[in-house]
Amino acid sequence: MNGNHNIRMNGMADDQANHTGEGGAEAARLREELDLVRRELAALQARAETWEERLARLDLVERECGQLADSFARHLAKPAQAVPQVGGWRGRLVRRLAPHLWTTPPVDPLIEMVEASKLFDAGWYLRSYPDVAAGGERPAVHYLYHGAAEGRWAGPRFDSGFYLARYPDVRDTGLNPLVHYLQIGQAEGRMTMQPLWEPAVGAPDGRA
């Protein structure tokens, strides 16, 4: 009896030792996995901080580009200045030979109308259409005589292509869509952009 009892006791002790060993191995494995997760989390946090710094720099560059575009637009919008007066016989001779140099050219009232409208954003226009900025043309002049016919937006809240497609009567007149809206369409309650509940017709990237 005592021998059998001792055998059973020894077996139980061996089982407990095996369980203890297995539990220790499992705990070690879990600690390793936890350390690995912590290292991966630290790496992700470092990457996130790097991307935050890059996004902050990108936001700063975008703001600076916007300020430059606005400043350039204001410069292009300035009317041409008359040549300073020259006195004496030289002045009289030049004024007789080239009188057009001594007068400030008149400004097209439609250009002034477009520039005064809150729907036309000259800085936005130059940022959205770099070819216009590279050409150095006054934004309102380009939009009035070229941009609208090319389907360019006057600003983030006026889609020229949509306006002409929506209202064929405006297209048939040949009138600039923004000018038509300011003179007639606004009072008639016409829309300036694609409604949200209708399928989009292709706004420029980032200009919705």
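Is it true that R190 is out of contact with any Ser or Thr (no Cβ under 8 Å at 6 or more places or on another chain), in a helix (DSSP H, G or I) and basic (K, R)? Break it down into steps so the answer makes sense when it comes.
Numbers: out of contact with any Ser or Thr (no Cβ under 8 Å at 6 or more places or on another chain): yes; in a helix (DSSP H, G or I): no; basic (K, R): yes.
It is false that R190 is out of contact with any Ser or Thr (no Cβ under 8 Å at 6 or more places or on another chain), in a helix (DSSP H, G or I) and basic (K, R).
Any residue in segment 125-138 that is in contact (Cβ under 8 Å) with a residue 24 or more places away in the chain sitting within a Cβ distance under 6 Å of a residue that is part of a helix (DSSP H, G or I) and among the charged types (D, E, K, R)? List the pairs, counting only those 6 or more apart or interchain.
none
Filter segment 78-134 down to residues that are outside any helix (DSSP H, G or I) and at pLDDT 90 or above and give me whichever is farthest from the chain's Cα centre (by Cα).
Taking segment 78-134 as the starting set, the residues that turn out to be outside any helix (DSSP H, G or I) are 78-87, 98, 103-108, 117-121, 129.
Right, trim to at pLDDT 90 or above and you get 117-121, 129.
Details: S117: 21, K118: 18, L119: 17, F120: 16, D121: 13, Y129: 12 Å.
Within segment 78-134, the match that is farthest from the chain's Cα centre (by Cα) is S117.
Pick from segment 175-184 the residues that are farther than 15 Å from K118 by Cβ and buried (at least 20 other Cβ atoms within 10 Å of the Cβ): which of them is nearest to the chain's Cα centre (by Cα)?
Of everything passing the filter in segment 175-184, P177 is nearest to the chain's Cα centre (by Cα).
Consider E137 against the criteria (1) of a type outside the set (F, W, Y); (2) modelled with pLDDT under 95; (3) closer than 21 Å to V107 by Cα; (4) assigned to a helix (DSSP H, G or I): it satisfies all of them except one. Which criterion is unmet?
Failing condition for E137: (4).
Which one of these is under 19 Å from G123 (Cβ atoms) and either in the same structural domain as S117 (by TED's automatic domain parsing) or not aromatic (F, W, Y) (or both): L178, L164?
On the way: L164 fails: under 19 Å from G123 (Cβ atoms).
On inspection, the qualifying residue turns out to be L178.
Can you tell me which residue is nearest to the chain's Cα centre (by Cα) among those in segment 157-174 that are buried (at least 17 other Cβ atoms within 10 Å of the Cβ) and in a loop (DSSP other than H, G, I, E, B)? Quick ask: steps written out before the conclusion?
Taking segment 157-174 and keeping what is buried (at least 17 other Cβ atoms within 10 Å of the Cβ), we get 158-164, 166-167, 170.
The next check asks that each one be in a loop (DSSP other than H, G, I, E, B); those that pass are 159, 167.
Working: D159: 16, Y167: 28 Å.
The residue in question is D159.
The values are calculated or read from the model by the stated rules, or taken from the named source; none is laboratory data. What you see is a predicted model; the values in this text were computed from it and never measured. Every residue, glycine among them, receives a Cβ derived from its backbone with ideal geometry; neighbour counts consider all protein chains shown.
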